[in-house]
Amino acid sequence: MTFLQCYDILKFASGTAYKTYKDEGYILSKTWTVKEILDWTRDYFKGAGVERSRLEAEQLLAYTLEIDRIQLYMDPDRPLDEKELDNFRPLVKERKSGQPLQYITGQVSFMGLSLKVDERVLIPRPETEEMTEEILGEFRDNEGVKVLDLGTGSGAIAIALARFLVEPTISAVDKSPEALELAKENAQLNNLEKEIDFKQSDWFSEVTGNYDVIVSNPPYVPSSKLKELKPKIKYHEPQEALDGGDEGLQEIKNILNQVEDFLSPDGTVFLEIGHDQGEDVKDYAAAQNLQDVRLIEDSRGKDRILCGSKEA
Ligand code: GLN
């Protein structure tokens, strides 16, 4: 690394890159190109322990420049102007300090749908996409499936099912009014607000009727393990969406205790669970009279979804 490159990096990090160049008469002797700034940000993130440093650098820059990620590659030598750098710099710092990328950009893609996210809700995970795909795989050809999404958060599961099932009836509940507000906004954003009935409810407390599918990604992290979560999770995401009490099973059990009363005959419950909770949850579900109780693994081969049906 040359002296000038070192100097650039210091100046970028301290937020004075351009100004200083101008002040010192170096105008445009050095401009940051897309490629250079991506390399720099990747290294900076790597040093700060950000796991997917290159990808996140790209996502953050694409967001700042209001372009698709792929466009960064189409024009790697594009210089960034002062305003773009000024916009990018604080975002890089926020990410470095632990704020999850999705909360910084305020957006996430779930099953190809664009959703807003912020600290009111958990950021939807790939595992939850897998659970939603599983439901779609089983019910894609059924018309008019009646679905209940418990603890909908950002609305991700309900919205994806409303989008991809054939004329379903979808109810989505959450005990957090703040989460529900955002879930409704997300439904609107995807033109699905008329397809989903949102209601405030603590699990089944305000739910009526029977459903062919009841789905939930409940909090399932054992309280004692919360402090072991990554900083970006434990300091930023809503704890009530993660804290599953002793052994992480409290909310899963709460749901399983009542689920049979709200399933249609032959209806199925799908619950996302922790990777080491499979056997316990399976036994518990069977003890609640559910039939065909089974576990489905996620793409990493971990028990991740519990399924069980009510007797036909
Ligand atoms: N998979 C999440 C995590 O550990 C936990 C989600 C949940 O409790 N529902 O980051």
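Annotations for the structure displayed:
- Within the stretch 95-142, the set of residues being in contact with a strand residue (DSSP E or B) (Cβ under 7 Å, 6 or more places away or on another chain) and among the hydroxyl-bearing types (Ser, Thr, Tyr) comprises Ser114, Thr128.
- Of the residues screened, Arg125 is not one that is more than 23 Å from Arg300 (Cα to Cα) and either in contact with a Lys or Arg (Cβ under 6 Å, 6 or more places away or on another chain) or of a type in the set (D, E, K, R) (or both).
- The residue list Gly112, Gly98 contains one member that is farther than 18 Å from Ile233 by Cβ and either away from the ligand (no atom under 14 Å from the Cβ) or without any contact (Cβ under 8 Å) to a residue 12 or more places away in the chain (or both), which is Gly112.
Residues checked against (1) outside the structural domain of Tyr220 (by TED's automatic domain parsing); (2) more than 16 Å from the chain's Cα centre (by Cα); (3) among the hydrophobic types (A, V, I, L, M, F, W, C):
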{"site": "Glu129", "(1), (2), (3)": "no, no, no"}
{"site": "Phe139", "(1), (2), (3)": "no, yes, yes"}
{"site": "Gly153", "(1), (2), (3)": "no, no, no"}
{"site": "Ile157", "(1), (2), (3)": "no, no, yes"}
{"site": "Ala160", "(1), (2), (3)": "no, no, yes"}
{"site": "Arg163", "(1), (2), (3)": "no, yes, no"}
{"site": "Glu167", "(1), (2), (3)": "no, yes, no"}
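- Conditions (1) more than 27 Å from Arg125 (Cβ to Cβ); (2) at pLDDT 65 or above: number failed by Ile70: (1)
- Among the residues making up the stretch 271-298, those that are under 25 Å from Ala172 (Cβ atoms) and within 14 Å of the ligand (Cβ to nearest atom) are Leu271, Glu272, Ile273, Gly274, Gln277, Val281, Asp298.
- Of the residues making up the stretch 199-228, those that are within 11 Å of the ligand (Cβ to nearest atom), within 20 Å of Ala183 (Cα to Cα) and in a loop (DSSP other than H, G, I, E, B) are Asn217, Pro218, Pro219.
- Lys302 being of a type in the set (D, E, K, R) and within 10 Å of the ligand (Cβ to nearest atom): no
- For the stretch 229-270, residues that are among the charged types (D, E, K, R) and more than 9 Å from the ligand (Cβ to nearest atom) total 9.
- There is at least one residue in the stretch 83-99 that is in a loop (DSSP other than H, G, I, E, B) and in contact with a helix residue (DSSP H, G or I) (Cβ under 6 Å, 6 or more places away or on another chain).
The values are calculated or read from the model by the stated rules, or taken from the named source; none is laboratory data. In this text the structure is predicted, and so the values were computed from the model without any measurement. A quick note on method: Cβ atoms are made from the backbone with ideal geometry, for glycine too, and the neighbour counts reach across all protein chains shown.
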